[in-house]
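Peer 1: To start, I am sharing the structure in question, which I have written as structure tokens.
The values are calculated or read from the model by the stated rules, or taken from the named source; none is laboratory data. These numbers were taken from a predicted model, which means no experiment stands behind them. Using ideal geometry, Cβ is built from the backbone for each residue, glycine included, and neighbour counts are taken over all protein chains shown.
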Amino acid sequence: MDILERQLVVVCFGTPSISGDSLGPVVGSLLREDKRFPAFVYGTLDRPVTGRNMQEWMNFVAAAHKGALLLAVDACLGNASDLGGILIRPDGVCPAAVGGKKKRFGDVGIIAVVGDKRGDALTELMQANALYVSELAHKVADLIKAAVRGMVFPAAVF
């Protein structure tokens, strides 16, 4: 099946209760608020996909959207020089890696570097500047919208 014949589903990982990890839910909310965005979006500020419920959500998405193109979004830690970088991965993301979970999800992944990986991971995520993370989330959402604008996916327009 051609990529443009597949339904697009975006799953944004993270929790709004930790500033550095809120990138995913902010992106999800921004995409969901755009009524012209032609995709299903899971993981928002009011219904986040977190380390605690992600297996349930991943099972649901796999069952409800068989054959869909899965785009996964998550925050990550990296080198200080990479802070603010946005990376596209051809193999999805590894959500909840900070908590030791190593299962990959998605056909394509977008990760944004929100903190330095040198220190304690949870501390770095908690100390991330919330305004900076929000600005980075807006950039990620805008990039996703721009990439999807030129494509036509067979998904309901919300």
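Peer 1: Which pairs do you get when a residue that is in contact (Cβ under 8 Å) with a residue 24 or more places away in the chain, found in segment 103-127, comes within reach of a residue that is basic (Lys, Arg) and in a strand (DSSP E or B), reach meaning Cβ atoms under 8 angstrom, with the pair 6+ apart or on two chains?
Peer 2: Filtered contacts from segment 103-127: 108/89; 109/89; 110/89; 111/89.
Peer 1: Against the definition (touching a helix residue (DSSP H, G or I) at 6+ places or on another chain (Cβ under 7 Å) and either modelled with pLDDT under 90 or buried (at least 22 other Cβ atoms within 10 Å of the Cβ) (or both)), how does residue 119 come out, yes or no?
Peer 2: Working: touching a helix residue (DSSP H, G or I) at 6+ places or on another chain (Cβ under 7 Å): no; either modelled with pLDDT under 90 or buried (at least 22 other Cβ atoms within 10 Å of the Cβ) (or both): yes.
Here the answer is no, as residue 119 does not meet what is asked.
Peer 1: Go through (1) under 23 Å from residue 145 (Cα atoms); (2) of a type outside the set (Asp, Glu); (3) surrounded by 16 or more Cβ atoms within 10 Å (Cβ to Cβ) for residue 19 and report which single condition fails.
Peer 2: Unmet condition: (1).
Peer 1: Here's something else I'd like to know. Identify, please: which residue in segment 51-91 is closer than 20 Å to residue 112 by Cβ and of a type in the set (Asp, Glu) and is, among those, surrounded by the most Cβ atoms within 10 Å (Cβ to Cβ)?
Peer 2: 74
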